[in-house]
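Some notes on the structure that comes next.
The values are calculated or read from the model by the stated rules, or taken from the named source; none is laboratory data. In this text, all values refer to a predicted model and were calculated from it rather than measured experimentally. Please note: Cβ atoms are built from the backbone with ideal geometry, for glycine as well, and neighbour counts cover all protein chains shown. For the accessible areas, the whole protein counts, side chains as well, though only heavy atoms, and no ligand, DNA or RNA atoms are used. Shrake-Rupley method; radii C 1.70, N 1.55, O 1.52, S 1.80 Å.
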Amino acid sequence: GIYTKSCDGVVVRDNRISSIFPGSRGTGHATYGIAFSHDRGQPPSNNCAAINNVVENVLRWEGLDAHQGSRLRFIGNVVRNCRVGIMIGATDNAGPKREAMRDIVITDNVIVSDVPKKNPKEPLPGQQNQGFGIVVHGHAAEPELQPPLPHLLLKNAIISNNMIRGHGGKNPFSEKGGRQAAIAIARTDGVIISGNMVSDYDIAGIKFGALN
């Protein structure tokens, strides 16, 4: 896939990315089609965009992803058979210098999952059941740190005119089977969800988590 770290102004456009599996470092499940990210303690990637790409068969993890960052755009992409279609979220990789994500645009994407809705006993190599189609979230509180860190809301996002088919389901990495959805937001301030077409979802079409 394509993975950026602490970049500014990168545009990833008109690419076809297919069949990304865990690499030689072990059996971990974090694989990405396109990701805007950073190392712990380093600045996030800002002012970046993924436009008109085709990403397919990232069966273990996420098609399009952003860890931190602001002024990010995901426009006109086709994401097929990825466990999570588009994930925009704060992570614990930020460290104590974490910043609120803001100004995110996710529009005119097609996100389709034909991965089985229930976790099969013998899945295809590397395969998990389907997860979120689009998920957007801010920082969760980290009370165990010194000093403790509070929730930090993601500010201003537009999720519009996307077509999502066949996502949702239970989290395969959680014993409690946490519920997922075709579109989900949590810990946000100022999100517009408009004009999306959601079909054949499992459990929930649109889910509002805590602190929106």
Gain in span if fully extended, Ser18 to Arg71, counting 0.36 nm per residue against the direct Cα distance: 16.5 nm
Net +/- balance of residues flanking Ala182 in space, Cβ distance below 10 Å, scoring K and R +1, D and E -1: 0
Net lengthening on full extension, Asn212/Val54 (0.36 nm per residue, minus Cα-Cα): 53.8 nm
Peptide ranges 44-56, 197-209, 1-13, 61-73 listed from the most packed, as the mean C-beta count within 10 angstrom indicates: 61-73, 44-56, 197-209, 1-13
Residues of segment 40-81: accessible area per residue with a 1.4 Å probe, Å²: 30 Å²
For Met163, solvent-accessible area (1.4 Å; no DNA, RNA or ligand), Å²: 60 Å²
Gained length - Asp108 relative to Ser199, 0.36 nm times residue gap less alpha-carbon distance: 31.2 nm
Sequence of Arg83, Arg16 from largest to smallest accessible area, 1.4 Å probe: Arg16, Arg83
